[in-house]
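The values are calculated or read from the model by the stated rules, or taken from the named source; none is laboratory data. This one's a predicted model, so the numbers in the text were calculated from it and none came from an experiment. Every residue, glycine as well, gets a Cβ built from its backbone with ideal geometry; the counts of neighbours run over all protein chains shown. Note: accessible area is taken over every heavy atom of the protein model, side chains too, but ligands, DNA and RNA are not part of it. Shrake-Rupley method; radii C 1.70, N 1.55, O 1.52, S 1.80 Å.
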Amino acid sequence: MAHTYATDVLVVGAGPVGLTAAAELRRRGVSCRIVDRLPARLPFAKAVGIQPRTFEVWDRMGLARTALEAAVPMRGQFLYVNGAEQPRIDLALPPEVPYGFAALPQYETERLLDAHLGRFGTMVERGTELVSFGQDADGVTCRLRAASGAEEEVRTRYLVGCDGAHSIVRKGLGLSFEGGAFAEEYMLADVRVDWDLPPGYAVRAMHLDGAGAVDDVLVCIPLPGRGRYRMSMMVPPELSTAGQAEAASDGITHGLQSGRGPGQADVQTVLDRLSPQPTTAFDIRWTSVFRISHRIVDRYGDGRVFVAGDAAHIHPPTGAQGMNTGIQDAWNLAWKLALACAGAAHPGLLAGYDAERRPVGEEVVGRTVRHAVEGMENDPDDAATLMMREAQLLVGYRGSPSVDPAGAGGGPRSGDRVPDCAGLTGPITGYPMRLYDVLRERDHVLLLYGARAGSAPGSGPALDELVRTARESSGGRMEVCLVRAADPDSDADADVDVVVEADGTTLPVYTDSRGEFARLYAAEEPTAFVIRPDGYLGARLSPPAPRQLAAHLAHVFAANPPPN
């Protein structure tokens, strides 16, 4: 048996969640292996909805442009009940949100993430499965088995299970996975139709029985390609996989089921009943039967082993929340693991993964189950709040041990998502930038609003003292940027301060030329914003003071962290 001890993190599962975790670890220089038991990516359009928040994550990773070019926009939904057209739903967000809703088949999402991971010299080890593992105070010993049957023992510092609803990692940790299952089964099909409905709109057609209950349904999500949709519909008795529920070794039946898949005639039969226009199904790429469970683990990790995505939470596909939530699990965990691997993390930072992400998983499971049973139209939130929540733009971590108390007042508080804004200009660029342009591919950022060179921010200390505190407390991992209010009586950028650090380098300075930053962040006086690698505010300090800044960073970084 071979022995390997040279990797910091082993990621199990190469779906969108595992690929995100591995790519973010490698981008930060962490040694990482990623294995998957399947010999190749599955060509199935399982998860297809891409939420605006996921595009923001991909923007920070440097992947957004590629994904935008591959996806198709989701503009809204046409709704039909018993053949009658209902009011159309349009997916509208505030203008400062940089990305809209989109659809991208999961095999394309995995292809893009796989190629992105390859930029860092790491490839998925396919046909390799995790057989068992054991952990101690210093690391995790994992046994892997290749398709040939050869086994390998791998010693790694951390193990991340992104291995789906039947997760070996979750079972090995002994985590509970409480929940239940829906009796209904659905057919899925990746298919083209020849109707002339406007592109970019989902279609939901329902039939209600005499008591007002849904007894037939067709849901069509647009995919790239003219007239192509991922369709879901109820399963006829002859295609039922109900017997698999009792046969499942772990009692969990969720996702694509084995057995005979629907044929073109099965899909056409449903279209003949429910399609808003007479249409013909053709060019079917794949079909399957799908079962839905709703479960969540009692904790997202134990010691040096963690779970993410479907290994931690499964739920109805209502609102396309599952894959997006899993990607953000990995996004949250990866930067914390990177600090831990460098010996630069506060001892409690990794525990913050469960504290921050499990409440999100619980909320998503509960909400999607409610929407599946009662319908989104019966959600108590107003339309604007519902849209922001479905876009996953309201996820936050107030109360997390890794962020400051949220405080009061307007604008984003500690633990909130960092909103984008436009109109940031500099002395060289001939065009206004967005805040996300400034943050792209950066990790820890101290953004100082209202600070000027050679002066004190408000009544606080000199600027160089804040910069020195940020650098020393983070071991050089925190970058510093300045945003200043525009002076209406002068050229917008001609008098931008040049802030020179002790080593002779200059700090980037941007002018809030349109006042959007001040408005969206409710910044009326000098303020320090500590922006985490995952795009959330760790702290909002006004007026900024080195002692407060150091106290906050002491909850993130180790005491005297090693230099970056």
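Would you mind finding the one in L79, L117 that is within 22 Å of A21 (Cβ to Cβ) and either open to solvent by less than 40 Å² (accessible area, probe 1.4 Å) or acidic (D, E) (or both)? Spell out how you get there, then give the answer.
Values: L79 fails: within 22 Å of A21 (Cβ to Cβ).
From the options L79, L117, the qualifying one is L117.
Do the conditions hold for A137, that is, is it surrounded by 15 or more Cβ atoms within 10 Å (Cβ to Cβ) and at pLDDT below 95? Reasoning before the result, please.
Working: surrounded by 15 or more Cβ atoms within 10 Å (Cβ to Cβ): no; at pLDDT below 95: yes.
No: the conditions fail for A137.
Out of R285, R291, report the one residue that is farther than 22 Å from A351 by Cα and surrounded by 22 or more Cβ atoms within 10 Å (Cβ to Cβ). Talk me through it step by step, then tell me what you get.
Details: R285 fails: surrounded by 22 or more Cβ atoms within 10 Å (Cβ to Cβ).
The match here is R291.
With respect to A265, is the statement that it is open to solvent by 10 Å² or more (accessible area, probe 1.4 Å) and within 15 Å of the chain's Cα centre (by Cα) true? Give the steps one after another, and end with the answer.
Working: open to solvent by 10 Å² or more (accessible area, probe 1.4 Å): yes; within 15 Å of the chain's Cα centre (by Cα): no.
Answer is no for this residue.
I89 is checked against (1) over 26 Å from R532 (Cα atoms); (2) in contact with a Lys or Arg (Cβ under 8 Å, 6 or more places away or on another chain) and fails just one. What number does that condition carry?
(2)
Is one or more of the residues making up segment 552-560 of a type in the set (A, V, I, L, M, F, W, C), in a helix (DSSP H, G or I) and either open to solvent by 30 Å² or more (accessible area, probe 1.4 Å) or at negative phi (or both)?
Quick first cut of segment 552-560, residues of a type in the set (A, V, I, L, M, F, W, C) only: 553-554, 556-559.
If we keep only those that are in a helix (DSSP H, G or I) too, we end up with 553.
After this cut, where a residue has to be either open to solvent by 30 Å² or more (accessible area, probe 1.4 Å) or at negative phi (or both) as well, the list is 553.
Yes: one or more hits.
Can you pull out the residues in segment 410-439 that are closer than 28 Å to E356 by Cα and either touching a helix residue (DSSP H, G or I) at 6+ places or on another chain (Cβ under 6 Å) or at pLDDT below 90 (or both)? Please lay out each step first, then the result.
Here is the first cut: in segment 410-439, the ones closer than 28 Å to E356 by Cα are 410-421, 434-439.
Within segment 410-439, G410, P419, D420, C421, Y436 meet the criteria.
Please state which one of S176, S167 is within 25 Å of D302 (Cα to Cα) and under 20 Å from the mean Cα position of the chain (by Cα).
Numbers: S176 fails: under 20 Å from the mean Cα position of the chain (by Cα).
The unique qualifying residue is S167.
Starting from segment 398-410, take each residue that is farther than 16 Å from L541 by Cβ and list its partners that are open to solvent by 60 Å² or more (accessible area, probe 1.4 Å) and assigned to a loop (DSSP other than H, G, I, E, B), counting only C-beta distances under 7 angstrom and pairs at least six apart or across chains.
From residues that are farther than 16 Å from L541 by Cβ, the pairs are P401/H555.
Filter segment 387-444 for residues that are among the β-branched types (V, I, T) and surrounded by 17 or more Cβ atoms within 10 Å (Cβ to Cβ) and give the result.
First pass over segment 387-444, keeping only residues among the β-branched types (V, I, T): 395, 403, 418, 425, 428-429, 438.
Within segment 387-444, V395, V403, V418, T425, V438 meet the criteria.
Which of the residues belonging to segment 261-309 are in a strand (DSSP E or B) and within 28 Å of G83 (Cα to Cα)? Before you say what the answer is, go through the steps one by one.
We begin by selecting, within segment 261-309, every residue in a strand (DSSP E or B); these are 281-297, 301-302, 305-307.
Result: A281, F282, D283, I284, R285, W286, T287, S288, V289, F290, R291, I292.
Answer with yes or no whether T429 is free of Cβ contacts under 8 Å to residues at least 60 places away in the same chain, of a type in the set (S, T, N, Q) and under 30 Å from L507 (Cα atoms).
Details: free of Cβ contacts under 8 Å to residues at least 60 places away in the same chain: yes; of a type in the set (S, T, N, Q): yes; under 30 Å from L507 (Cα atoms): yes.
Considered against the rule, which asks whether it is free of Cβ contacts under 8 Å to residues at least 60 places away in the same chain, of a type in the set (S, T, N, Q) and under 30 Å from L507 (Cα atoms), T429 comes out as yes.
Quick grid of which residues meet (1) open to solvent by 10 Å² or more (accessible area, probe 1.4 Å); (2) closer than 28 Å to R170 by Cβ; (3) touching a residue at least 40 places away in the same chain (Cβ under 8 Å); (4) assigned to a loop (DSSP other than H, G, I, E, B):
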residue: A14; (1), (2), (3), (4): no, yes, yes, yes
residue: A23; (1), (2), (3), (4): no, yes, yes, no
residue: L42; (1), (2), (3), (4): yes, yes, yes, yes
residue: W58; (1), (2), (3), (4): no, yes, no, no
residue: E69; (1), (2), (3), (4): yes, no, no, no
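Can you go through E85, E151, E96, E108 and tell me which one is in contact with a Phe, Trp or Tyr (Cβ under 8 Å, 6 or more places away or on another chain), charged (D, E, K, R) and touching a residue at least 12 places away in the same chain (Cβ under 8 Å)?
E85
Considering segment 336-384 alone, what residues qualify as being of a type in the set (V, I, T) and open to solvent by 40 Å² or more (accessible area, probe 1.4 Å)? Please lay out each step first, then the result.
Filtering segment 336-384 for residues of a type in the set (V, I, T) gives 360, 364-365, 368-369, 373.
Hit for segment 336-384 is V373, nothing else.
Which members of segment 360-387 meet the condition of being farther than 17 Å from Q77 by Cβ, modelled with pLDDT of 80 or more and in a helix (DSSP H, G or I)?
Residues satisfying the conditions are V360, G361, E362, E363, V364, V365, G366, R367, V369, R370, T385.
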